[in-house]
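The values are calculated or read from the model by the stated rules, or taken from the named source; none is laboratory data. Predicted model only: the values in this text are computed from it and were never measured. Here the Cβ is made from the backbone with ideal geometry for all residues, glycine too, and neighbour counts use every protein chain on show.
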Amino acid sequence: MLNRPTQISLLAIFIILFTAVTHAAPSTKKEKCEKINDKITKIQEKMRYGYTVKQGVKYHKQLNKLYKKQFEACF
């Protein structure tokens, strides 16, 4: 068993770390959402300039995955 001052120190460190993690979460979520939206925009820009059937299939698969990630991260 740890002595009383060590227990208090560990508890203080835990509280500080937990507080930092909970306050960092919203900005991380926002950044993740922005990153996904940027990827979607880049693919949509590529699609505006024409593409082969093979590229089209690839783009649509990528967009479907990104739309699912967008739903989870942004809404």
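Listed values, structure above:
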| quantity | calculated |
| --- | --- |
| Scope segment 33-52; condition of a type in the set (V, I, T) and either part of a helix (DSSP H, G or I) or modelled with pLDDT under 95 (or both); matching residues | I36, I40, T41, I43 |
| Residues that are surrounded by 12 or more Cβ atoms within 10 Å (Cβ to Cβ) and not polar (S, T, N, Q), drawn from segment 47-59 | M47, Y51, G56, K58, Y59 |
| Test result for K30, at pLDDT below 95 and surrounded by 12 or more Cβ atoms within 10 Å (Cβ to Cβ) | yes |
| Neighbours by Cβ (under 7 Å, 6+ apart or cross-chain): first from segment 40-58, of a type outside the set (V, I, T); second surrounded by 12 or more Cβ atoms within 10 Å (Cβ to Cβ) and in a helix (DSSP H, G or I) | K46/Y59; M47/Y59; Y51/Y59 |
